[in-house]
Structure formats: C-alpha cells, structure tokens
Amino acid sequence: MKRYHPALVSLHWLLTVLIIVALLMGSNILSQIPNDNPEKLFALKMHMISGFIILILMIVRLVIRQVTKKPPHADAGNAVLNKAGIAAHYLLYLLVFAMVGSGIAIAVISGLPDIVFNNSGVALPENFNHILPRLFHGVIAQVLFIMIFLHVLGALYHQLIRKDSLLSRMWFGQ
Ligand code: HEM
Ligand code: HEM
C-alpha cells in the first residue's frame, strides 16, 4: 500500500481548498463587515453553509479513513519527528472540528439560524465580540493557520530533503 485511497485523496484536496477559503474569507471579509451592514447576512449565510459542508466532508473523510488501507507512517528519519508528524495529523482534524464547533456555538448563542436562514427580521447583535466561543473561533483559526503552514513545511521537508516522494502518497495512481 503506497498511497491513500483515492476517495481520501480527493477529500484531502477538496477540504484543503474549502478550509483555506473559509479561513481567508472569515478573517479578511466576514469579520470586517459591521453587523449593521445589510451585506453581513449574506456573508454569514455563505460562511455558515461552507462550515457545514466542511463538517460533513470531514466526517465522511474520517469514516473512509477508518475503512480503507493506509500507507505505513512516513519516516522522517527521527523518532521525535515521526511522533510529531502523527500528532500533527490528529491535531489538524481536531482543530477543524473545533472551528466548526465554536462557529456553531456563536451561531446558537446569537440566534443566527433564525436570523440568517428564516429571515426572522430580528437585528444582529452589535457584534459577536462578547461571546466566548467567538474568542475561541478567532484563536483556533490562528492556530489552524500555523498548523497548516507547518504541515506544508513537513510535506516539503519529506519531498525535497528526504526525497521520499511523500506527495505522491496523497495523489492518485496505482
Ligand atoms: C486545510 C489544509 C490541510 C489539512 C487540514 C490537511 C490535513 C491532513 C491530514 C489530517 C493528513 C493525514 C492523512 C489523513 O488522515 O487524512 C494529511 C496528509 C497529507 N497532506 Fe495535508 N492537509 C492540508 C493541506 C495540505 C497541503 C497544502 C499539502 C501540500 C503540501 C498537504 C500535503 C499532505 C501530504 C503529502 C499528506 C500525506 C502525508 C503522509 O503520508 O504521512 N496537505 N493532511
Ligand atoms: C472549518 C470551518 C470554519 C472556518 C475555517 C471558519 C473560519 C472563520 C474565521 C477565520 C473567522 C474570523 C475570525 C477572526 O478574524 O477573529 C470566522 C468568523 C466567524 N465564523 Fe467561522 N469558520 C468556520 C465555521 C463556522 C461555522 C460552522 C459557523 C456557524 C455555524 C461560523 C460562524 C462564524 C461567525 C458568526 C463568525 C464571526 C463573524 C464576525 O465576527 O463578524 N464559522 N470564521
């Protein structure tokens, strides 16, 4: 077994795009629009829908990961780095679920499902800053950015320094 299952490969790259777009749009667009701007509702709707799509695809991915064969853990040439690599993959899963969980908590506490999807006409709160999960959502987003950066560095270290073609494990082929 030299590669991940093609379904896992497809989900890895699809989720990479969705998660990075959600991170960039969340921090650079959504959070910059004041809550009394009429465009905020549409931005929130898009963000919440993409958050749910990410959640569903992450669950599908976890299930497929459990039922398909995986290549053995990549050898980084050092026992500590090997353990860090495994831990980093678990942490990536955890952080993405924590993003969705804290996002849902902000939405429930501020009544967003009714305001955004049922057009209840109720005004949004002045901002979300007083809600604790909003603080977590922002902090977890920063940690996730850093972990994705380290993950890419790790992949490049394998690919370019150890020259073990790690990237091909996360790509299609025989
Ligand atoms: C949102 C961004 C990303 C997340 C959350 C993520 C997450 C993960 C996770 C959890 C794994 C372990 C396999 C699994 O359990 O599914 C993995 C493997 C992998 N990722 Fe990513 N990834 C991201 C982006 C990237 C990018 C941009 C690259 C490009 C360099 C990359 C390259 C790889 C490679 C080569 C593997 C296979 C590693 C191995 O076989 O040990 N990933 N990724
Ligand atoms: C993996 C999925 C998600 C990612 C990557 C993500 C990312 C982000 C980011 C980066 C921000 C801005 C943080 C900041 O600048 O401090 C943000 C804000 C926010 N997100 Fe998410 N999010 C996700 C899922 C969700 C979900 C599922 C919901 C709700 C159901 C949600 C609701 C919100 C809300 C209400 C804000 C606050 C906007 C504001 O401050 O005006 N997010 N998100």
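The values are calculated or read from the model by the stated rules, or taken from the named source; none is laboratory data. Small disclaimer: the values here were computed from a predicted structure and weren't measured. Neighbour counts are summed over all protein chains in view; Cβ atoms, including those assigned to glycine, are modelled from backbone coordinates with ideal geometry. All accessible areas refer to the heavy atoms of the entire protein, side chains included, with ligands and DNA or RNA removed. Shrake-Rupley method; radii C 1.70, N 1.55, O 1.52, S 1.80 Å.
Return the residue satisfying two criteria in turn: it lies in the range 17-44 and is under 14 Å from the mean Cα position of the chain (by Cα) and exposed (fewer than 15 other Cβ atoms within 10 Å of the Cβ), and of such residues it is farthest from ligand 2 (Cβ to nearest atom). Spell out how you get there, then give the answer.
Pass one, the range 17-44, residues under 14 Å from the mean Cα position of the chain (by Cα): 17-27.
Applying the additional criterion that residues be exposed (fewer than 15 other Cβ atoms within 10 Å of the Cβ) yields 17, 20-21, 24, 27.
On the way: V17: 12, I20: 8, V21: 8, L24: 8, S27: 4 Å.
Only one residue tops the list, namely V17.
Which pairs turn up if I take residues in the range 134-145 that are open to solvent by 80 Å² or more (accessible area, probe 1.4 Å) and look for partners that are away from ligand 1 (no atom under 12 Å from the Cβ) with beta carbon separation below 6 Å, at least 6 apart in sequence or on another chain?
Listed pairs, sorted by first residue: F136/S102.
Quick check, is S10 more than 24 Å from I131 (Cα to Cα), within 15 Å of ligand 1 (Cβ to nearest atom), surrounded by 14 or more Cβ atoms within 10 Å (Cβ to Cβ) and not hydrophobic (A, V, I, L, M, F, W, C)?
On the way: more than 24 Å from I131 (Cα to Cα): yes; within 15 Å of ligand 1 (Cβ to nearest atom): yes; surrounded by 14 or more Cβ atoms within 10 Å (Cβ to Cβ): yes; not hydrophobic (A, V, I, L, M, F, W, C): yes.
When the stated conditions are applied, S10 passes them.
Looking at V63, V80, which is the one that is at pLDDT 95 or above, within 23 Å of F172 (Cβ to Cβ) and open to solvent by 40 Å² or more (accessible area, probe 1.4 Å)? Working first, answer last.
Details: V80 fails: within 23 Å of F172 (Cβ to Cβ).
Of the residues listed, the single one that is at pLDDT 95 or above, within 23 Å of F172 (Cβ to Cβ) and open to solvent by 40 Å² or more (accessible area, probe 1.4 Å) is V63.
Can you report the number of residues in the range 92-129 which are open to solvent by 60 Å² or more (accessible area, probe 1.4 Å), part of a loop (DSSP other than H, G, I, E, B) and either more than 11 Å from ligand 2 (Cβ to nearest atom) or among the hydrophobic types (A, V, I, L, M, F, W, C) (or both)?
Final tally of qualifying residues: 5.
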